[in-house]
Every structure is written in structure tokens, then in C-alpha cells.
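Here is the structure we will look at.
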Amino acid sequence: MCGIIGYTGNEPAKDILINGLKQLEYRGYDSAGIAVLDPKTGIILKKKTGKVEELAKAAESESTDASCGIGHTRWATHGGVTEGNAHPHRQGSVTLCHNGIIENYKELTTEYGLKNVLQSETDTEVVAALLDKLYEGDPYTAIKKTVNLLAGSFALCIMFDDQPGKIFAIRNVSPMVAASFDGGSIIASDLTAVINFSKKYFVVPEYHILTLTDNGIGVQDLKGRDVEPEILEVNWDITSAQKGGYPHYMLKEINEQPEALERTVAPRVQDGLPFLADDGIDDEILKNLQNIVIVACGTAMHAGMVGKSLIETKLRIPVTVEIASEFRYKDPIIDDKTLTIVVSQSGETIDTLEALRLSKQKGSKVLSVVNVKGSTIARESDYVLYTHAGPEIAVASTKAYTVQIAAMYLLAARLGFVRGVLSEEETKEFISKLQGVGEIMKKTIEASDDIRRVANHIQTAPDVFYIGRGIDYTLSLEASLKLKEISYIHSEAYAAGELKHGTIALIAEQVPVIAIATEEHVYAKVISNVREVKSRGAYVILISQEGKVENKEVCDKQLYIPKVDSTFGVFATAVILQLIAYYTSDAKGLDVDKPRNLAKSVTVE
Ligand code: M6R
């Protein structure tokens with residue numbers, strides 16, 4: 001939800017800001033803008049609707065060597081996609097960009113008589129106008145007074161006309177990281193825009209005012225005390241956040257899954273057993289919990305559903321999976337015997353974060369499965385199990401999903417072991433199978449030609465249905481989300497036995513039905529359901545384990561995962577489903593990595 005950046009230093013800022021925005025573009029791509037503060041001529045502002053490339057073209061003719069500036073790439077919330085609503089916003093001597101939502105912008109507009117000065121429809125411009133009104137030459141005081149009036153989430157980068165070479169920043173909830181290095185200081189919504197300059201960085205603490213200069217970054221709390229932020233070091237480099245020869249990030253990230261899985265699982269295995277002590281996850285909490293609630297959004301929630309299926313069937317512990325945006329408003333039934341597991345790639349999804357806070361209020365311990373180190377969700381959790389997917393840039397989540405599932409498997413194994421549900425031998429066997437899935441995923445990726453043919457077939461379909469049972473049903477939900485989000489084809493996922501309770505009315509000649517049947521114990525049941533749709537004219541694509549060959553009466557096309565224990569088929573099947581969505585989107589000529597209306601990190605409700 002919007003990417004922001006600020007740079008001040010010895011180099012001309014314009015290109016640094018635009019290149020940084022290209023890295024941040026996956027956070028939002030409705031419009032983009034930059035403002036540089038030229039000590040000779042003042043503020044130069046450039047904004048453009050569309051992607052950052054449009055801004056880059058528009059800014060080409062702008063020759064300035066100003067070395068201090070801010071930039072923004074927008075995912076629209078308040079006000080349409082217009083140049084006027086694009087950031088940075090300027091009021092009087094204040095120029096700023098914002099990520100988040102100011103909930104009381106209407107009240108502030110009325111109370112401070114700002115209506116006549118506002119030119120856009122955004123909540124952000126109200127902050128700029130308020131700051132300008134309260135500014136009397138001391139940025140710290142004006143920022144403090146302003147943020148004390150704001151309700152909502154914000155990450156703000158601010159320049160004042162009479163403070164050349166300086167950027168001020170403050171945040172609540174919305175993320176920002178910052179770094180100073182030889183030659184300047186940089187601040188951005190995430191590390192992808194910072195890592196080119198420094199591998200050492202800090203997470204901007206909430207409600208602290210930062211002053212960035214070419215000589216370093218000052219951090220003060222709202223009582224005026226200097227604060228030393230904790231310096232972190234990033235363990236990947238910028239090449240991980242580039243396409244590396246692939247046509248799209250999504251395809252690169254699908255291919256990276258075996259290594260991501262290895263990075264996530266291998267360090268947590270000792271003598272063949274799952275080992276989570278280095279992550280600070282003590283066995284007591286696992287032994288004593290009575291039930292588990294998994295809370296997340298979108299793909300992360302689908303990973304949680306796989307976790308539920310596994311933990312309930314193998315360990316007999318009750319698990320509920322909750323959509324975070326529902327959970328936070330429904331007074332959930334949880335207490336200190338509940339372990340809440342929150343799952344989030346970004347660690348910044350606002351609904352998931354608020355769900356975490358609610359769980360803690362109700363006395364539940366919170367364990368988060370998070371990919372981004374130092375993110376808000378990670379910092380606020382009692383325990384963190386980091387996935388090591390590396391940066392995921394494509395909006396459609398792929399490698400983050402399979403490593404989240406791997407984290408669930410690790411947790412389940414440790415849970416089963418410490419509770420005595422799984423013997424040492426059974427636990428070791430489980431872990432050894434988990435460590436084998438990387439190879440199986442590799443083989444599945446290598447055999448992708450058939451998958452491409454399936455994608456070519458379905459690319460013109462108005463609707464696609466996915467069906468499956470058990471874990472395969474949870475995979476269907478994720479597959480359907482993936483197809484919808486990047487190919488814009490309407491799709492639905494159903495528990496295979498459920499179709500005949502209504503939806504089968506939609507099955508007509510040649511409607512594609514993708515049936516997932518990788519679990520041995522329900523294979524025959526799914527095949528019966530497949531026959532039901534096939535006999536009504538559906539074009540059936542069956543995904544099963546190698547060796548399960550079906551004739552034309554059952555399906556039109558078969559895709560196989562290598563032979564594997566049913567519990568572990570999920571990883572390879574996920575690859576097939578991701579590739580179907582990827583190739584379909586690509587065949588339609590769509591922007592695979594940046595699907596319309598979406599953004600990578602959802603920091604608004
Ligand atoms: O960063 P998170 O894992 O918390 O994000 C949750 C969802 O927004 C995310 O999984 C989304 O559904 C995917 N990008 C879809 O591919």
C-alpha cells in the first residue's frame with residue numbers, strides 16, 4: 001500500500017528517488033511522484049499517473065542536481081487515480097508524502113479551517129496543510145503537534161522549504177526503514193530501496209522524529225530525548241530483489257522455492273528432529289496449549305488452512321483458521337490456553353497486526369510466521385518463526401506461501417514430538433520427508449511444458465473451477481485466488497463433494513474444472529466427483545500423483561506430481577497451480593507481477 005522514499009546526501013537525488021521507487025513499485029502503482037529541494041530554486045515537483053516508468057520519462061527533461069528529495073508510488077485510497085491526488089503533496093512551505101490512512105482527516109479539515117487551501121481529494125494533503133499551519137520555524141515542534149492530532153496509520157517523509165538538505169520522518173504502524181552511509185542518508189517503506197546503499201539499517205521506531213541529513217540520521221522521541229535505534233543487518237543482497245534473467249519476478253520466485261524451503265527448514269533440524277529453541281520457541285508453550293487459532297489474510301491464510309488440516313489430523317489438537325479482518329471485530333473466543341499463530345509474508349498487513357494485538361489483549365500467546373525481519377508483526381509477537389523466502393516482489397505470493405506451509409510442518413512436528421503424539425522415530429521420518437520436498441518441487445518445475453499447455457487452453461475461459469478434498473481443497477482455494485488475481489478470470493474453489501449442492505448448475509460444455517486429487521485416502525472420492533462434472537460436459541484437468549492414469553471418460557488432461565507421501569504432496573501441487581496461473585496471465589499478455597488494483601503489502605483496513 002504505497003511506497004515512500006527519502007534521500008539526502010552528496011549525489012543528485014532525482015535518479016536515486018526514481019530508481020528507489022522502481023524497487024518499491026510493487027507496493028502500489030496507480031501513480032508516482034517525486035519532490036526535490038533545490039537550494040537555489042526551491043521545490044521541484046513531478047507527478048504522473050501510471051507506473052514509475054511514466055514518471056521517469058516525465059522527469060527526464062528536469063535537470064537538477066538537488067541532492068535532497070522524497071518520492072512516492074501510490075495505491076489509491078482517498079481520491080481517484082489523478083495527478084492531483086498523487087504524492088508528494090505541497091502546502092505552503094511543506095512538502096510531504098505519506099503511506100497509510102488518516103482516519104480523522106475530515107474532522108481536522110473542519111476544525112482547522114483547511115477546506116479552502118486543499119487542492120486534492122486525499123487525506124494526506126490535510127496533514128501537509130496542518131503542518132504548514134502549525135510550523136513556526138521548528139520542524140520538531142510542528143511535527144509533534146501535528147501527529148498528536150492524527151488518528152490512523154502513517155509513515156511520513158517531510159521537507160520544509162527553509163530546511164535545505166533535511167528530511168524529517170515519523171511513523172505510526174505503516175513501515176519505514178532507514179540507513180545512513182558514506183555519502184548520505186536514506187529512508188524507505190522497505191529494504192528493497194535501501195539495500196543498494198547499505199546492508200545495515202534500522203526499523204524506524206513508532207512515534208519518533210527522524211532528521212535525515214547528508215551526515216547521518218538523528219532520532220528523537222516525542223519527549224525530545226535522543227534515541228539510538230537498534231541496527232540490523234540484512235542477509236540478502238540486491239540481486240535477490242531483481243529478476244535475474246527471468247521475464248517476471250513471479251516466475252523467478254516460483255523457481256526459487258526449493259532453495260527457500262531449504263533455507264527455512266535446514267537450520268531448524270538437529271539430529272533429524274525439529275529444533276525451534278534458537279527461534280526462542282520454548283517447548284512449554286507447545287506442551288500446554290489447548291487449542292490453536294491461526295489468523296492471516298489471503299494467501300497467508302490459505303497456508304494456515306494447510307496447517308490446520310495437518311495439525312488436526314496428525315495431532316488431534318483443535319485449530320481454527322480466521323480471516324484477520326473478521327477476527328478483529330468478532331470478539332473471538334480465545335484465552336491463555338490458546339496459541340495464536342499469525343502468518344504474514346510482509347509482517348505489516350494491518351488486519352493481521354490488529355488481530356495479533358487483540359489476541360494478546362485476551363491473554364493468548366502469539367507466535368508469528370513472518371518473512372520480513374524486524375517487521376511490526378514480528379516485533380509485537382511473543383515468538384517468531386521467520387521464513388527465509390528472501391524478498392518476494394511479485395504481488396502474487398508464491399515462495400512465501402510454500403515456506404509458510406513448511407513452517408507449519410516444522411511447528412506441527414515439534415508440537416507432536418514434545419506432546420508425545422509422535423514418537424522420536426515418527427518425528428524423524430516426518431522431518432526427513434519434509435526435507436525431501438525441495439527435490440520434488442524441482443522436478444515439478446522442470447516438467448512445466450504440460451502446465452503451459454493447460455494455461456493456453458484455459459486463458460480464454462470466462463470461468464474456471466477448482467475442486468479437491470482435504471489439503472487439496474485448501475490448495476484449490478489458493479489456486480483460485482492466484483488465477484483470479486493475475487489472469488482476471490473468474491474462478492471458484494469448492495470442496496469436491498460440495499459442488500452438487502448448487503454450483504454444479506454452472507457446469508456446461510467445456511467449462512474448465514481443475515481437480516486436485518493427490519491424497520491417497522480420498523482419491524476415489526474425488527474421481528467420483530470428477531465423473532459428475534465430466535458427464536455434464538466439463539473440460540477436466542486432473543492433478544494427481546504419478547501412476548494414477550485415468551481415461552478420457554474421467555478427464556481431458558492430466559498433470560502429475562512425483563510420487564510422494566500424501567501429506568507432503570502439497571508443495572509440488574502448489575507449484576503446478578502457481579504455474580497454471582502464471583502461464584495463463586502471461587498468455588493473456590497481462591502484467592503478471594503488478595496485477596490491476598492490487599498492491600503487495602496491505603497496510604490499510
Ligand atoms: O504480507 P501478508 O502475507 O500478510 O499478506 C497477506 C495477503 O495480502 C497476501 O497473502 C495476498 O493474498 C497475496 N499477495 C496474494 O497472492
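The values are calculated or read from the model by the stated rules, or taken from the named source; none is laboratory data. All values derive from a computational prediction rather than experimental measurement. Backbone-built Cβ (ideal geometry, glycine too); neighbour counts: all protein chains shown. With ligands, DNA and RNA removed, areas are computed over all heavy atoms of the protein, side chains included. Shrake-Rupley method; radii C 1.70, N 1.55, O 1.52, S 1.80 Å.
Table for the structure above
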{"read-out": "Qualifying residues in the range 466-480 (those that are hydrophobic (A, V, I, L, M, F, W, C) and in contact with a Ser or Thr (Cβ under 7 Å, 6 or more places away or on another chain)) - the one farthest from V511 (Cα to Cα)", "value": "I471"}
{"read-out": "Of the criteria (1) buried (at least 18 other Cβ atoms within 10 Å of the Cβ); (2) over 28 Å from the mean Cα position of the chain (by Cα); (3) not basic (K, R), which one A524 fails", "value": "(1)"}
{"read-out": "Unmet requirement for H388, which otherwise passes all of (1) more than 9 Å from the ligand (Cβ to nearest atom); (2) farther than 21 Å from D593 by Cα", "value": "(2)"}
{"read-out": "Residue in the range 410-422 that is open to solvent by 20 Å² or more (accessible area, probe 1.4 Å), away from the ligand (no atom under 11 Å from the Cβ), of a type in the set (F, W, Y) and not in a helix (DSSP H, G or I) present", "value": "no"}
{"read-out": "Residue check, K594 within 14 Å of the ligand (Cβ to nearest atom), surrounded by 24 or more Cβ atoms within 10 Å (Cβ to Cβ) and of a type in the set (K, R)", "value": "no"}
{"read-out": "Residue satisfying condition, being assigned to a strand (DSSP E or B), in contact with a His (Cβ under 9 Å, 6 or more places away or on another chain) and open to solvent by 20 Å² or more (accessible area, probe 1.4 Å), within set I43, I101", "value": "I101"}
{"read-out": "Those helices (runs of 4 or more DSSP H) lying entirely in the range 278-362 with at least 1 residues closer than 20 Å to V421 by Cβ, within 16 Å of the ligand (Cβ to nearest atom) and β-branched (V, I, T)", "value": "298-315"}
{"read-out": "Total residues in the range 12-32, condition in a loop (DSSP other than H, G, I, E, B) and of a type outside the set (D, E)", "value": "3"}
{"read-out": "Matching residues in the range 200-221 - criterion: being more than 22 Å from the chain's Cα centre (by Cα), over 24 Å from K145 (Cα atoms) and in a strand (DSSP E or B)", "value": "K200, G216"}
{"read-out": "Set S601, S585: member being open to solvent by less than 10 Å² (accessible area, probe 1.4 Å) and either out of contact with any helix residue (DSSP H, G or I) (no Cβ under 9 Å at 6 or more places or on another chain) or at pLDDT 95 or above (or both)", "value": "S585"}
{"read-out": "Filtered residue count, the range 537-554, keeping only those that are within 12 Å of V526 (Cα to Cα) and more than 33 Å from the chain's Cα centre (by Cα)", "value": "1"}
{"read-out": "From I431, I405, residue being more than 15 Å from the ligand (Cβ to nearest atom), buried (at least 20 other Cβ atoms within 10 Å of the Cβ), assigned to a helix (DSSP H, G or I) and among the β-branched types (V, I, T)", "value": "I431"}
{"read-out": "The listed residue being more than 16 Å from the ligand (Cβ to nearest atom) and touching a strand residue (DSSP E or B) at 6+ places or on another chain (Cβ under 7 Å), out of V513, V604, V522, V570", "value": "V513"}
{"read-out": "Some residue of the range 194-211 being in contact with a strand residue (DSSP E or B) (Cβ under 8 Å, 6 or more places away or on another chain), touching a residue at least 60 places away in the same chain (Cβ under 8 Å) and open to solvent by 40 Å² or more (accessible area, probe 1.4 Å)", "value": "yes"}
{"read-out": "Hey, I341 among the β-branched types (V, I, T), modelled with pLDDT under 95 and either surrounded by fewer than 24 Cβ atoms within 10 Å (Cβ to Cβ) or closer than 18 Å to M301 by Cβ (or both) or not", "value": "no"}
{"read-out": "From Y466, Y494, Y488, Y473, residue being aromatic (F, W, Y), within 16 Å of the ligand (Cβ to nearest atom) and open to solvent by 30 Å² or more (accessible area, probe 1.4 Å)", "value": "Y488"}
{"read-out": "Cβ-Cβ under 7 Å pairs, at least 6 apart or on other chains, the range 370-395 side open to solvent by 30 Å² or more (accessible area, probe 1.4 Å), far side more than 9 Å from the ligand (Cβ to nearest atom) and polar (S, T, N, Q)", "value": "H388/T264"}
{"read-out": "Matching entry among T146, T141, T110 (being buried (at least 17 other Cβ atoms within 10 Å of the Cβ), free of Cβ contacts under 8 Å to residues at least 24 places away in the same chain and over 22 Å from L24 (Cα atoms))", "value": "T146"}
{"read-out": "Hits in the range 155-177 - residues which are within 16 Å of I350 (Cβ to Cβ) and crowded, with 21+ Cβ neighbours inside 10 Å", "value": "A155, R171, S174, P175, M176"}
{"read-out": "Matching entry among I317, I292, I323, I350 (being more than 23 Å from P391 (Cβ to Cβ), buried (at least 22 other Cβ atoms within 10 Å of the Cβ) and touching a residue at least 24 places away in the same chain (Cβ under 8 Å))", "value": "I292"}
{"read-out": "Exclusive hit being outside any loop (DSSP other than H, G, I, E, B) and within 14 Å of the ligand (Cβ to nearest atom), set V395, V369, V454", "value": "V369"}
{"read-out": "Check on E498, under 29 Å from A389 (Cβ atoms), without any contact (Cβ under 8 Å) to a residue 40 or more places away in the chain and of a type outside the set (S, T, N, Q)", "value": "no"}
{"read-out": "Scope the range 234-277; condition among the small types (G, A, S), at pLDDT 95 or above and in a helix (DSSP H, G or I); matching residues", "value": "A260, A266, A277"}
